[in-house]
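In what follows, a structure is listed as structure tokens, so that the remarks can point back to it.
The values are calculated or read from the model by the stated rules, or taken from the named source; none is laboratory data. No experiment lies behind these values; they were computed from the predicted model shown. Quick reminder, even Gly has a Cβ in these numbers, built from the backbone with ideal geometry, and neighbours come from all protein chains shown.
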Amino acid sequence: MAKYITEINKNGNIAVDDTILVKDIPATAGSKMLENFVPLFSAEAVERVLAAGYTLSGKTAVGEFGLDLYGETGINDICAAASLVKEGSVKAALNVDLNGAPRRAAALEGVTFVKPTYGTVSRYGIIAAACSGEQIGVTAKNAATAAEVLAVIAGYDEKDGTSLKDANNIDYNSEAPAKGMKIALVRELYAAADAAVKAKIDAAAATYKAAGAEIEEISLQNLAEINTAWTILMSAETTNNLSRFDGVKYGYRTEKYKNIDELYVGSRTEAFGFLTKATIIYGSDVLSKGRYEDCYDKALRIRRKAVEALTELFAKYDALLMPAFSKAEYEFYPVENAFSKVYEESIFTAPASITGMPAVVSSGVQLVGDYFCDGKLIALAKALEKEEA
Amino acid sequence: MKYELVIGLETHVELSTDSKLFCSCGGHAAANEPNDCVCPACSGMPGMLPVTNKHAIELAVKAGLMLNCKINQYTTFDKKSYYYPDLPAAYQITQWFNPVCVEGTVEVGERKIGIKQIHIEEDAGKLVHDDATNTSLVDYNRTSVPLIEIVSKPDFRSSDEVITYLKKLKSALQFAGISECEEGAMRCDVNISVRPEGTDKLGVRSEIKNMSSFAEIKDAIEFEKVRHVDAIERRTEMLVQETRRWDEVKRRTFPMRNKETAADYRYFPDPNLMPIIIDDEWLAEIKASMPATAEEKGQKYVAMGIASKEAAVLASDAKLCGMFDEVVAMGREPRSVASWILTECMSRMRYLGIETLNIAPQKLSRIIELVDAGEITRAAGKKVLAAVFENDVDVDKYCDEQGFNAKVDEGAVLAAVKAAIAANPAAVADYKGGKEKALGAIFGACMRELKGNGDPAVVRELLTKELNK
Ligand SMILES: [Zn+2]
């Protein structure tokens, strides 16, 4: 399967995933719904890499709207950016981390992905799905390269109402030594992974110990609650954001309609994939009258509790060590199971998604840190990569 | 049995901001053609993020202060979802959970009407149905234009109270520069029920949607009252809680299709917009920028030498007092300005059947300046004013074209006097025979001869002198 949905320049050094807008270049977000959509402007992150002298290679394939794990669009699509980085055909890739997909891809392909602190990289120009958690990050062969590109795209942007003024004060090129750091290994997530993933976590823990860091096993008891809450928030926001794709203004329009309702229903039924539809149905349900308080509102409360709980942990620890994915290799699942598979797997990525805290995947493991500690995580990833090399 | 009306109002007005609520497009006022004022944000393109227009928040707070509301210093925006082609993102950004103003009151006659809340929201676009091609076209000029919705408590007991309230609201909003309240731009949803006088339990409620003319609102309320009372007393129909629309041709309300009203809007907080914190400092700034009330304006005018009755009329209308303030600021004498606005402009407006004074203040100022300086006569000034109203003419150019010039030399006046005497022998004979009144006719002929120019006092003096020779 092709890694690029649209190629821009064979000699370009930055790949951009297809949920990020580049002016005049088609942007599909991996969906038939947007197969003929050409944006009028570029994402802020794209403008910044271009201004820094990088060139774009093309738009890489993504699961539909960044929701997909595997199954529907297949392994090649999901890992398109990570495998281009791995084979060395681009220096780095910009990817939207909506529900952990680029983190999983990096873990599977053995490359590095940095999901920065929410609000530090402008979301202006993302085909949005879950606004409260999605974030543009950087995939690269190693943490140092990811940091180089991240430093270019990060920073305050007035066009994004959630952009943080403090975004300008992060040192991405930190060389903080692992010596003396305290790293917490999350017991439940370690236990949920397969043997090959466990081995990678063990290796990372051994490296840190050897470098003089302290490793402590901890328990994160409300993980299931956090994952459910994140799934509710993500699905609800996705439902709302995708409702603009109705066949009226741009994108796919059914040929079979006699009135506006048939135009809506026909266009959306024909163009959206299974997982997107399942997400929309779930997201509509949790926002509906009579369900809102017990679902969406409760999820917001759990998000606040999760932020408190993790903030408390980070008073004691420098980072959390955990898998990004339960398996070291992709397994194919039938599409009908996609929604529940995504839900199962997002337990590894939900803590950083729901809180907006930074996460770095490197050497097959995931590190999660406190707000604005992106630099520290990058330094910790460098320590692992040095060991590998 | 006697019945009592119970009415609550939801009033939408457009805020007078320079740009839309979440993007930098100019408001609909800046548009000439359909979809003139549209950008990727207000047309629902993916990738755009909303950025709140601070001025809209300030205007909404001003409205709240005027209606004695409590200002929520922590206020949020929420999304309301529904599918309709005039709503490009399929959601409207509004305030559902934490509206900017709550718990206010307005005095209507002797009674106090409660205000439940004021919230800010974006408007939707407009659908245009083209029967010729059997297609529907969308115009997004209005999408995301900022509105406030002022929600009253069900405190009105008559249609008169409703109209008094709306008039008061309109003039107050115009006064404070919160909304222009242009013709038809104030839209109301009227919630109405009846109950036996002296009882507390609310009757079955119907909601009449989207009314803008005050006269139509009054008629619709009266119609509904009769319909409700008939249903209760004579069992003409079974009342159900429903949304209805007023048919201006058939002069009655009709139920709207259930489908349009039974939606679940799935409100939730907009994650793209941070809560807005109106801190004490900002609130104080907004309070300090509140304009004078009508009463305060009236007192100021009286102090400027305007008679109290005239001052009150000027102060009661935002357009009139705006014109007055501007023309006076241009250096014209206040009493003269008041007289030109209240006499000449208003009679012109009545003649043309227009409700708002919308000529350029510079032009009125120039006319008054010319008349007060004796450059043209008041009669000529009135003619120029009429031409400004009708064709927006340039004052000086028009005076030149028409030959208006009060400073005519005595020789020309004398020539006109002689010509008028020669042309009206009968009137001259009458006058000489002792009929003083006949002088008017000769004087009129004289002024016609002068095309309205010349100082009337001089003309009269020369005329009598000539006749009495
Ligand atoms: Zn706009």
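Before moving on, here are some points about what is shown:
- Members of the range B:174-185 found to be under 9 Å from the mean Cα position of the chain (by Cα) and within 12 Å of residue B:293 (Cα to Cα), listed by number: B:174
- Residue count for the range B:132-178, restricted to those that are within 14 Å of chain A (Cβ to nearest Cβ), within 16 Å of the ligand (Cβ to nearest atom) and among the aliphatic types (A, V, I, L, M): 1
- If only residues of the range A:273-289 that are within 13 Å of chain B (Cβ to nearest Cβ) and among the charged types (D, E, K, R) are counted, the one that is surrounded by the most Cβ atoms within 10 Å (Cβ to Cβ) is A:285.
- Total residues in the range B:25-76, condition within 11 Å of chain A (Cβ to nearest Cβ) and over 30 Å from residue A:250 (Cβ atoms): 0
- Comparison of A:380, A:367 shows that the only residue that is part of a helix (DSSP H, G or I) and not polar (S, T, N, Q) is A:380.
- Candidates B:25, B:39, filtered to the one that is of a type outside the set (Gly, Ala, Ser), modelled with pLDDT under 95, within 15 Å of the ligand (Cβ to nearest atom) and crowded, with 19+ Cβ neighbours inside 10 Å: B:25
- Any hit, the range B:62-85, residues being among the β-branched types (Val, Ile, Thr), more than 18 Å from residue B:147 (Cβ to Cβ), out of contact with any helix residue (DSSP H, G or I) (no Cβ under 9 Å at 6 or more places or on another chain) and more than 15 Å from the ligand (Cβ to nearest atom): no
- Of everything in the range B:119-131 that is within 16 Å of the ligand (Cβ to nearest atom) and outside any strand (DSSP E or B), the residue that is farthest from the other protein chains (Cβ to nearest Cβ) is B:123.
- Of the residues making up the range A:307-329, those that are within 16 Å of residue A:223 (Cα to Cα), hydrophobic (A, V, I, L, M, F, W, C) and assigned to a helix (DSSP H, G or I) are A:307, A:309, A:310, A:313.
- Any hit, the range B:363-385, residues being farther than 19 Å from residue B:404 by Cβ and of a type outside the set (A, V, I, L, M): no
- When B:409, B:392, B:372, B:396 are checked against the criterion of being charged (D, E, K, R) and more than 35 Å from the chain's Cα centre (by Cα), B:409 stands alone in meeting it.
- The range B:64-93, residues that are polar (S, T, N, Q) and touching a Phe, Trp or Tyr at 6+ places or on another chain (Cβ under 7 Å): B:76, B:81
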